[in-house]
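The values are calculated or read from the model by the stated rules, or taken from the named source; none is laboratory data. This structure is a prediction, so every number in the text was calculated from the model and none was measured. Virtual Cβ from ideal backbone geometry, glycine too; neighbours counted across all protein chains shown. Note: accessible area is taken over every heavy atom of the protein model, side chains too, but ligands, DNA and RNA are not part of it. Shrake-Rupley method; radii C 1.70, N 1.55, O 1.52, S 1.80 Å.
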Amino acid sequence: MFDSALHLIAIAGVFLLAGFSKGLIGLGLPTIAMALLSLLVPPAQAAALLLLPSFVTNLVQIAPLRQAWRLARRLWPMLAGVVLGTALGGLAWGGFGGRYGATLLGVALAAYGALGLFAWRPRWPERVGGLVGTLTGALTAATGVFVIPAVPWLQGIGLARDELVRALGLAFLVSTLALGVLLGGSGALAGPQLLTSALALLPALAGQALGAALRGRLSEAMFKRVFFAGLLLLGTGIALRG
């Protein structure tokens, strides 16, 4: 019972930190959650746990819905590509993760951390959104992480700051729904995982509210450096272990 309680406290701490990152800089919940939860539970279980916190916090992030809908009409090729890529990735990997899921998770996290540390901001043509979304979906089906290459692409198409935060939430929301369908079809969603995911929603929302309240008071640049450096180290370790 004591070990079980410590396990739940550790999961709550992960989602508190992940929610804080999302509230402060607009991203980080799935990446932090998958990076740290994979040290505690198998990747498929980690992906199942992040579904409800990711879904609800992204709904909060894209508000108001009228502006989110306007942005979705602009970004629909990328969003459709995410759904298609997740389905194709599920077929290619034989369900979520596949044989090399843990290794790919580590590589994706390390690559994202390295790109962030070096502040790589290429100007990507918006017309390649469908391809970007498909590649992102395929990696999501293997890793549960929604960031590569969608986040660098969104950062490189000239969106204003508020638009970028909302676009990230929109992309993560669609990725979460597609991942949920894949996990459900793979039999990875069971009652205990869904219950724990629902409980994890509370610290995730608390962390998001705290991060949003401190936005502008804390140095986002410093937080991002720590965030990306941590992902680089964690991702490297996960890849080597995988």
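How many percent of the accessible area of the stretch 175-242 is carbon or sulfur, using a 1.4 Å probe?
Summing carbon and sulfur atoms, their accessible area is 72 percent of the total for the stretch 175-242.
In square angstrom, what is the accessible area per residue of the stretch 1-143 with a 1.4 angstrom probe?
46
Taking all protein chains together and a probe of 1.4 Å, list W124, W69, W153, W93 from the most accessible to the least accessible.
Largest accessible area first, the list is W69, W93, W124, W153.
For R66 and L202, what does the FRET efficiency come to when R0 = 41 Å and r is the distance between their Cβ atoms, rounded to the nearest 0.05?
0.90
For Cα extents along the principal axes in Å, which listed value, (1) 66, 38, 36; (2) 59, 51, 33; (3) 51, 44, 35, comes from the coordinates shown?
It is the one labelled (3).
Test of understanding: extend the Cα→C-beta vector of R99 to 7 Å, then name every residue of the stretch 199-242 with backbone N under 19 Å from that spot.
Hits in the stretch 199-242 for R99 at 19 Å: 239-242.
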